[in-house]
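S.K.: Handing you a structure now.
The values are calculated or read from the model by the stated rules, or taken from the named source; none is laboratory data. This one's a predicted model, so the numbers in the text were calculated from it and none came from an experiment. So basically every Cβ, Gly included, is an ideal-geometry build from the backbone, and we count neighbours across all protein chains shown. Just so you know, the surface numbers come from the protein's heavy atoms only, side chains and all, with ligands and any DNA or RNA stripped out. Shrake-Rupley method; radii C 1.70, N 1.55, O 1.52, S 1.80 Å.
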Amino acid sequence: MSTGEPIQSFEKLRISASMLKAMKELGFTKPTPIQSESFAPILSGKDIVGIAQTGTGKTLAYSLPILDALPYSEQMNPRVLILVPTRELVLQVVDQLEEYSKFKSVRILGLYGGVNIKQQIEPITQGADVVVATPGRLYDLAVSRILQLKNIKQLVIDEVDVMLDLGFRFQLNNIFDLLPPRRQNIMFSATMTTEIDLIIDEIFIKPTRIAIGFSGEPLKNIEQVSYAVPNFYTKVNLLAHLLSDKEEFKKVIVFVGTKKLADKIFDTLEGELGNSISVVHSNKSQNFRIKAIEDFDSEKNRIMISTDVMARGLDLEHMSHVVNFDTPEFPENYIHRIGRTGRAGRMGKSIIFFTNKEEDYKIEIELLMNMEIPELDFPEEVAVSSQLIPEERKLKVAKSPHGNSAKNQKTTAYHKKADKNTKENLGSKWKREGSKKYKKPQRKGDKIQNRNSKKKR
Ligand code: ADP
Ligand code: MG
């Protein structure tokens, strides 16, 4: 936790001249709170757990002390291993690390799946100091002995919450087994969950915890609003209406829960928006994904439709809006979605569409953030559609409001708990005549609020 005043300059951190020069060149005038507070603890060699909001510079928080203290070497085996959940993040973290160490001789190598493993042998034999990798590919390369992990002295698990959401738990354990036991473990995350705590208990030794804000605390520089929208096609109409304002909606990412619906939205809007819109999800080829994200980031495309997985953790420049086309069932997903804007202290806007069925999810998000998302009136000029997609038709006949798939069953306990927390019955907004505002219970106890009360999938 905080040890006092945050350090106001990079000079005061006593980083080397080469690192200082890189910071200057990047226009970074002072470390962010997570950066100044993590610096000394990471240098001390102790195990570290760092929690800070999206876009607050966690990559530099761990890489500054690591890169600064890394002695020059010509040895082949890497000494630092950074694990990230997606291939896109490998590329981004490699880019960031290269900029941060621009004036220092450090060999950084990114490794990820989806490309022929043979292509990666050659760069590995060139030797590397820092390896940034996704768990799956890293494991394959390590067990096949193409990559030697015996010299790893520091392990960083970045975006841990995302990693676990994607089901990497098992693979992480396998990797831990291949690493030398004497090493420094570092993890960074935007949210804290019980599952993360389990990993910490298992592999970390008396970790120092550095937390800026509480888990799930939204960034103040993200303006959030919501619209109650009855169904999919009405959401599409509203989205098209909003996006037609090109001045306001300059650079927009639209999040959707499933690939199928992402494609459906794209197909419906493509005619209207032409080549200013793209869609990315895991069924698209790696090259397509990289290009789509590049085109969006360089503002060739104004709008990108994406599933949660694809854009999590990505640092996209100057995003004007995040649109949550649907309301995520797990509130942390919302935190990650809106965290694509409002980065590095800039202003950003988030809009969430929620149906009657999704209103409970919205309330869970509000409970996690400890704030209400203001609701805007549905614009009169937008047509309300009565056409339903198959998923919505199915819902009408389902017995339970959450359906009865295996996935939903697993979350029952969690929802029960949430229902208990939300003292008033939330019911249907559409049916409710008096539209009474619910009372939000105050959360008490640990600052890392959802640490013990959260049950994940
Ligand atoms: P997080 O992992 O916390 O979501 P990132 O590490 O991706 O955030 O950083 C978010 C953005 O902030 C990046 O564009 C990065 O270049 C920028 N940034 C990082 N540290 C600083 C700093 N000290 N001053 C200004 N900008 C910074
Ligand atoms: Mg990050």
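S.K.: Among the chymotrypsin sites (Phe, Trp or Tyr not before Pro) in the stretch 289-349, which ones are in a DSSP loop with at most 10 other Cβ atoms within 10 Å of the Cβ? Mind listing them?
M.R.: For chymotrypsin sites (Phe, Trp or Tyr not before Pro) across the stretch 289-349 that sit outside H, G, I, E and B with at most 10 neighbouring Cβ atoms in 10 Å, the list is empty.
S.K.: Probe radius 1.4 Å, ligands and nucleic acids ignored: give me the carbon and sulfur share of the accessible area of the stretch 10-212 as a rounded percent.
M.R.: Result for the stretch 10-212: 52 percent of the exposed heavy-atom area is carbon or sulfur.
S.K.: How large is the accessible surface per residue of the stretch 168-270, computed with a 1.4 Å probe and reported in Å² as a whole number?
M.R.: 41 Å²
S.K.: Can you check what the net charge comes to around T208, using other residues whose Cβ is under 14 Å from the Cβ of T208 (Lys, Arg +1; Asp, Glu -1)?
M.R.: +1
S.K.: If you don't mind, there's one more thing I want to ask. Cα centroid distance between the stretch 37-51 and the stretch 167-218, in Å?
M.R.: For the stretch 37-51 versus the stretch 167-218, the Cα centre distance is 13 Å.
S.K.: Could I ask something else about it? Translational diffusion coefficient, Stokes-Einstein: compute it for the stretch 143-271 using the Kirkwood radius over C-alpha pairs as Rh, at 20 °C and 1.002 mPa s, and state it as an integer in µm² s⁻¹.
M.R.: 113 µm²/s
S.K.: Tell me, what is the FRET efficiency for V225 and D177 to the nearest 0.05, using R0 = 56 angstrom and their Cβ-Cβ distance as r?
M.R.: For V225 and D177, the calculated efficiency is 0.75.
S.K.: To the nearest 20 debye, what is the magnitude of the charge dipole of the stretch 222-396 about its Cα centre, counting +1 on the Cβ of each Lys and Arg and -1 on the Cβ of each Asp and Glu?
M.R.: Using only the charged Cβ atoms, the result is roughly 680 debye.
S.K.: If contacts are Cα pairs under 8 angstrom and at least 6 residues apart, what is the relative contact order of the stretch 10-212 in percent?
M.R.: Relative contact order for the stretch 10-212 comes out at 30 percent.
S.K.: Summarise the accessible area of the stretch 222-396 (1.4 Å probe, protein heavy atoms) by the percent that is carbon and sulfur.
M.R.: Solvent-exposed carbon and sulfur of the stretch 222-396 make up 48 percent of the total.
S.K.: Also, I was wondering about something else. Using the beta-carbon distance between L198 and D267 and R0 = 60 Å, what value does 1/(1 + (r/R0)^6) give for FRET efficiency, to the nearest 0.05?
M.R.: 0.90
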